[in-house]
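Quick notes on the structure that follows.
The values are calculated or read from the model by the stated rules, or taken from the named source; none is laboratory data. Note that the structure is a prediction, hence the values are computed from the model and not measured. Positions of Cβ are generated from backbone atoms using ideal geometry, with glycine treated the same way; all protein chains shown enter the neighbour counts. Surface accessibility is based on the protein's heavy atoms, side chains included, excluding ligands, DNA and RNA. Shrake-Rupley method; radii C 1.70, N 1.55, O 1.52, S 1.80 Å.
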Amino acid sequence: MNQILVTENKKKKGSKGPVGIKGIVRFFAIFIAVFGIVLTGEGSYALYKDAEARSPENVPSLYIARDGDIIRVRVEHNSEISTLNYSWNDGVENQIPEGGTYAEEEIIALDGNNVLNITVVDMKGREYQYQKEFLLDGVDITKPNIEVLQVQEGTARVSINTSDETQIVEMSYKVNDAQEIIIQATEQGQTEINEEITLPEGTNKLIVTARDASGNITRYEKEIIVSSKPTIELISKEGTRVVFRITDQSGIQKVTVNLNGREVSVNDINQTEATLPLDLQEGNNVLRIEVTNVNGLVASGTTQIEV
């Protein structure tokens, strides 16, 4: 019986059953430990990326300001900006491609109370979201209108017309380096201020500003050239030769002559006076002269000359 017991004990010691189970358990234990380390590493990386994105020096600087019916958005970032996305309330998102670390856009404001949603996406795929509420219910956000008309091209008389759909309170204008002239409304509820001015000869920089009762301001800037047209004068005729005198206060740029269908041009004259001698053919001559001054104004004349 002891022998049988001894034999059974030997059999148990030589058995692979318990040893195999321990090996499997050990394998899974190591596998789970390694898998846990991997998961911990991935989790740490994700947290690091999030921390990097939220770091104050990595968050874009956003500036939002309203100017009448225009919302001005300016973004500065330390990484290149991929897109600037915006939407009003829960509406459709508009995506504007960008490039560089600076972006500036103008967005049309909506009437009433609305929320502007802005998302900045950089080239690293990081997104930064912003919201701003605009309470404009019952607020006049429409800017005044400015129209500048030259009575005739090249002339010195200029008409300035300013208007607003509710009430205009002030209009001002400034010519070159002269002192600014301010004209205020004279009546309550006035919607227009108009003025006619005279500009000096040459190239003028005109700046016009209009302000309405709600504080909306429109600024208009335009370059206006004041110049008389060139003059063409026949000064002599002898035989088949005629001589014309061409003058312009600003300077003659180009002269084009068409004599009996044959056209010739002279460019870059750059003088205030020039003579133009022409040899005609016997019989009837059809002549057209066109003169362009340095300001782009054109004078022309057509005549028939019998020789």
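Quick notes
- The C-beta contact set for the stretch 246-257 (first residue at positive phi, second residue modelled with pLDDT of 90 or more and among the hydroxyl-bearing types (S, T, Y), distance under 8 angstrom, 6+ apart or interchain) comprises G251/T272.
- Residues of the stretch 92-115 that are charged (D, E, K, R), open to solvent by 50 Å² or more (accessible area, probe 1.4 Å) and in a strand (DSSP E or B): E104, E106.
- Some residue of the stretch 268-283 being among the β-branched types (V, I, T), farther than 15 Å from T231 by Cβ and touching a residue at least 24 places away in the same chain (Cβ under 8 Å): no
- Condition met for I197 (closer than 29 Å to N161 by Cα and either open to solvent by 30 Å² or more (accessible area, probe 1.4 Å) or assigned to a strand (DSSP E or B) (or both)): yes
- Residue that is closer than 25 Å to L149 by Cα and open to solvent by 20 Å² or more (accessible area, probe 1.4 Å), where the choices are V286, V294: V294
- Residues in the stretch 116-128 that are loosely packed, with under 15 Cβ neighbours inside 10 Å and at pLDDT 95 or above: there are none.
- Whichever residue in the stretch 137-156 is touching a strand residue (DSSP E or B) at 6+ places or on another chain (Cβ under 6 Å) and not β-branched (V, I, T) and, among such residues, is most open to solvent (accessible area, probe 1.4 Å): D137
- Just one of the numbered conditions (1) touching a residue at least 40 places away in the same chain (Cβ under 8 Å); (2) open to solvent by 60 Å² or more (accessible area, probe 1.4 Å); (3) among the charged types (D, E, K, R) is not true of D164: (2).
- Pick from the stretch 230-239, criterion part of a strand (DSSP E or B) and not aliphatic (A, V, I, L, M), ranking: least open to solvent (accessible area, probe 1.4 Å): S236
- Residues located in the stretch 261-270, provided they are open to solvent by 50 Å² or more (accessible area, probe 1.4 Å) and either assigned to a strand (DSSP E or B) or in contact with a helix residue (DSSP H, G or I) (Cβ under 9 Å, 6 or more places away or on another chain) (or both): R262, E263, V264, S265, V266, N267, D268, N270
- Of all residues in the stretch 205-229 being under 28 Å from T256 (Cβ atoms) and either in a strand (DSSP E or B) or at pLDDT 90 or above (or both), the one that is most open to solvent (accessible area, probe 1.4 Å): E223
- Residue under evaluation Q179, criteria (1) over 27 Å from L136 (Cα atoms); (2) in contact (Cβ under 8 Å) with a residue 12 or more places away in the chain, criterion not met: (2)
- Residues (within 18 Å of Q249 (Cα to Cα) and small (G, A, S)) located in the stretch 188-210: G202
- Some residue of the stretch 240-260 being acidic (D, E) and open to solvent by 60 Å² or more (accessible area, probe 1.4 Å): no
- Condition broken by Q190, with the remaining ones in (1) over 17 Å from A156 (Cβ atoms); (2) of a type outside the set (D, E, K, R); (3) in a strand (DSSP E or B); (4) modelled with pLDDT of 95 or more satisfied: (3)
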